[in-house]
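The values are calculated or read from the model by the stated rules, or taken from the named source; none is laboratory data. Everything numeric in this text was worked out from a predicted model, so none of it was measured. Neighbour counts are summed over all protein chains in view; Cβ atoms, including those assigned to glycine, are modelled from backbone coordinates with ideal geometry.
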């Protein structure tokens, strides 16, 4: 497994790097026998340390966890506990999808835009209907089944996931509804 361990305005020493590699290696060995890569970032938030971990599984899924504590090791241990819990919940599904999938998940490239909010309109029709784009970035759209997309969305702790449906090749969306259930948009 490849590790990228870094700190935002924090010096990450060799002892912490060794601890991270050992603990994360134990957790990943339980749930994923195939090689993965991990990105762990440590930062400070006032008097607490924050640990954020993102692990890319070779099946194409991404698991994310974040925790904070008064000590940096405790923050990482809390983060690992959350990731362990996520992966334990989905272990059966991960194994089932691993057997059905002949290769890794395919991704397509897409553009993502962030539009500026218009605070000063007060209900008045604007002169032009063109929105102001304040950010533009490239995104990757995975080719998944609907079940895999829901699992990916929950592992990443995201509210929305856009994916290409493997069954028919169309673009679909899964999202978390206000009532806690999952919604699925499948335009045909």
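Within region 141-169, restricting attention to residues that are in contact with a strand residue (DSSP E or B) (Cβ under 9 Å, 6 or more places away or on another chain) and loosely packed, with under 12 Cβ neighbours inside 10 Å, the residue that is nearest to residue 79 (Cα to Cα) is 159.
Quick one: would you say residue 41 is outside any loop (DSSP other than H, G, I, E, B), surrounded by fewer than 18 Cβ atoms within 10 Å (Cβ to Cβ) and at pLDDT below 90? Judged against the criteria, residue 41 is not a match.
If we keep just the residues of region 47-64 that are crowded, with 18+ Cβ neighbours inside 10 Å, under 19 Å from the mean Cα position of the chain (by Cα) and without any contact (Cβ under 8 Å) to a residue 40 or more places away in the chain, which is farthest from residue 2 (Cα to Cα)? Taking the candidates together, the pick is 50. Of the residues making up region 149-168, those that are within 22 Å of residue 66 (Cα to Cα) and outside any strand (DSSP E or B) number 11.
Residue under question is residue 22, and the condition is that it be closer than 16 Å to residue 155 by Cα and modelled with pLDDT of 90 or more; does it hold?
Details: closer than 16 Å to residue 155 by Cα: no; modelled with pLDDT of 90 or more: yes.
In short, no.
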